[in-house]
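Report on the structure given below.
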Amino acid sequence: MRNIKKIIILLVAVTLFAIIFTPNICNAATEVNSESSLLAAISNAAEGEIIQLTTNIELTRPIEIRDQTITISGSGYTISRDTNNWSANGANGTLITAGIGSKVTLLNLNLKNSQKYGAQAYDGGYLILDNVTIGNCGFGGVLVNAGTVEIKDLFLQKNGQSSNNGIEIAKSSAISESENEPTLIMNGTVSSTEQENVIYLAVNDDLSTFNLVNTDNTVRKILADGNKVVITDQNNNVIYESNTSIGLDIAGINYVPNLIITIHLMEQNITFAVQQGTVLTKAQMVEQINLANLGLSAYTIDGFFVDEDYKTEYDFKTPFTNNTTLYAKLSAIKEKDKSPKTGIEDYLGIPVLVIIISVVGIITLRRKEF
């Protein structure tokens, strides 16, 4: 028993020694302030390493990362193209590419002025965009080229020459034989200064399948809508939609438009939208109606009915599955009696009081007489 205690004490001591004296490598970040130091840091990066920008950096050539898991943290700084010394090295004119076997996170970073795209996920590469702004790139903001792009927080400015091209979904001919297909994961929010082609489905390409994934906690969703895709807000309203691509197999959740609920009140109608399957309480329904704005402030809502004769009340346990019309039954608010008070009730007390005092006085006098 004593030996076991000694062993436990020894293990605890060794653990404490390791915690205290071992360098905290996991949390260390390699700081870079130039293109050369950035390239060196990427080349020598350990698995999961964070590379931290301490200033803006201009690139003279594209960066492609393969077989590495790294994070490039910008701290709000910008990586852009050196327009005077840029060498595209062939067809790839993208600032940063997550290539084969890689998982690259771009964090708190701006990407500007690329010859082609700001960032790319290529042939199975995995790219995470977290608080990233991309603008003024020649072809588009992001290229999902048979790779996976996960969006946590992406802000798109104008990208593309003749028209805007935010997130392009593609599979180039160079990887037409690859089993990888483009995948876009929504895990947060995407916003754009432009409305056109925030999502762009490539044409004249080897693209046949596009995968859509939405996490449970995403703020905005990307959904299939026939031959196009749409991005919705938290209320299921469409805020962006792609171009149409005939023959493209879009694998993901289908978009279901919001349902329109119409409430009929004394020859007036109000409408509001709910998502399919929504269940509202009576109080929540009443909140949708402003009687004062309708000129009905002298009324109150008694209930909601499915018929205009107010015979069948709406069952608030029922989810909405179709566009629905309901009828609100109103009743006039009874006004309080505003007629002036006569005060008779108050004056009646005076004679009663006089009588009581008189009776008491008479009784007292008679007692004195005897």
Restricting the range 216-229 to residues that are under 19 Å from Glu181 (Cα atoms) and of a type in the set (Val, Ile, Thr), which is surrounded by the most Cβ atoms within 10 Å (Cβ to Cβ)? Val229
Look through the range 239-250, keep the residues that are under 21 Å from the mean Cα position of the chain (by Cα) and over 12 Å from Ala202 (Cα atoms), and return whichever of them is surrounded by the most Cβ atoms within 10 Å (Cβ to Cβ). Tyr240
Among (1) buried (at least 17 other Cβ atoms within 10 Å of the Cβ); (2) free of Cβ contacts under 8 Å to residues at least 24 places away in the same chain; (3) farther than 27 Å from Phe320 by Cα; (4) among the β-branched types (Val, Ile, Thr) - the single one Thr232 does not satisfy: (3)
Among (1) touching a strand residue (DSSP E or B) at 6+ places or on another chain (Cβ under 8 Å); (2) surrounded by 10 or more Cβ atoms within 10 Å (Cβ to Cβ); (3) modelled with pLDDT of 90 or more - the single one Ala332 does not satisfy: (2)
For residues in the range 258-271 being under 27 Å from the mean Cα position of the chain (by Cα) and surrounded by 15 or more Cβ atoms within 10 Å (Cβ to Cβ), which is nearest to Ser208 (Cα to Cα)? Asn258
Quick test for you: out of Asp249, Asp205, pick the one residue that is among the acidic types (Asp, Glu), farther than 24 Å from Asn323 by Cα and touching a residue at least 40 places away in the same chain (Cβ under 8 Å). Asp249
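Here's the yes/no breakdown for (1) more than 26 Å from Ala29 (Cβ to Cβ); (2) of a type in the set (S, T, N, Q); (3) assigned by TED's automatic domain parsing to the domain that holds Glu49; (4) surrounded by fewer than 24 Cβ atoms within 10 Å (Cβ to Cβ):
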{"position": "Gly93", "(1), (2), (3), (4)": "yes, no, yes, yes"}
{"position": "Ala98", "(1), (2), (3), (4)": "no, no, yes, no"}
{"position": "Asn108", "(1), (2), (3), (4)": "no, yes, yes, yes"}
{"position": "Ala121", "(1), (2), (3), (4)": "no, no, yes, no"}
{"position": "Gly124", "(1), (2), (3), (4)": "yes, no, yes, yes"}
{"position": "Ile134", "(1), (2), (3), (4)": "no, no, yes, no"}
{"position": "Phe139", "(1), (2), (3), (4)": "yes, no, yes, yes"}
{"position": "Val144", "(1), (2), (3), (4)": "yes, no, yes, no"}
Within the range 45-72, count every residue that is under 21 Å from Tyr126 (Cβ atoms) and in a loop (DSSP other than H, G, I, E, B). 8
Test each condition in (1) of a type in the set (A, V, I, L, M, F, W, C); (2) closer than 14 Å to Gly147 by Cβ; (3) out of contact with any Asp or Glu (no Cβ under 6 Å at 6 or more places or on another chain) for Ile100 and report the one that comes out false. (3)
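Residue-wise test of (1) assigned by TED's automatic domain parsing to the domain that holds Asp130; (2) in contact with a Cys (Cβ under 7 Å, 6 or more places away or on another chain); (3) closer than 21 Å to Asn92 by Cα; (4) modelled with pLDDT under 95.
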site	(1), (2), (3), (4)
Glu168	yes, no, yes, no
Thr209	yes, no, no, yes
Gly226	yes, no, no, yes
Val229	yes, no, no, no
Asn243	yes, no, no, yes
Here are some conditions: (1) modelled with pLDDT of 95 or more; (2) charged (D, E, K, R); (3) over 24 Å from Lys221 (Cβ atoms). Glu177 meets all but one. Which one does it not meet? (1)
Could you check how many residues of the range 228-250 are at negative phi and part of a loop (DSSP other than H, G, I, E, B)? 10
The residue that is farthest from Thr215 (Cα to Cα), considering only those in the range 153-163 that are surrounded by fewer than 21 Cβ atoms within 10 Å (Cβ to Cβ) and at pLDDT 95 or above, is Lys158
Counting only residues that are touching a Ser or Thr at 6+ places or on another chain (Cβ under 9 Å) and assigned to a loop (DSSP other than H, G, I, E, B), which one in the range 73-83 is surrounded by the most Cβ atoms within 10 Å (Cβ to Cβ)? Tyr77
Please go through the range 135-148 and give me each residue that is among the small types (Gly, Ala, Ser), over 16 Å from Gly101 (Cα atoms) and not in a strand (DSSP E or B), ordered by number. Gly138
Do we have any residue at all in the range 145-165 that's over 25 Å from Thr232 (Cβ atoms) and out of contact with any Gly (no Cβ under 9 Å at 6 or more places or on another chain)? yes
Just checking: which of the strands (runs of 3 or more DSSP E) contained wholly in the range 170-222 hold 2 or more residues that are over 16 Å from the mean Cα position of the chain (by Cα)? 199-201, 209-214
Within the range 84-134, track down each residue that is outside any loop (DSSP other than H, G, I, E, B) and among the basic types (Lys, Arg). Lys103, Lys112
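The values are calculated or read from the model by the stated rules, or taken from the named source; none is laboratory data. These numbers were taken from a predicted model, which means no experiment stands behind them. All Cβ positions, even for glycine, are placed from backbone atoms using ideal geometry, and neighbour counts span all protein chains on display.
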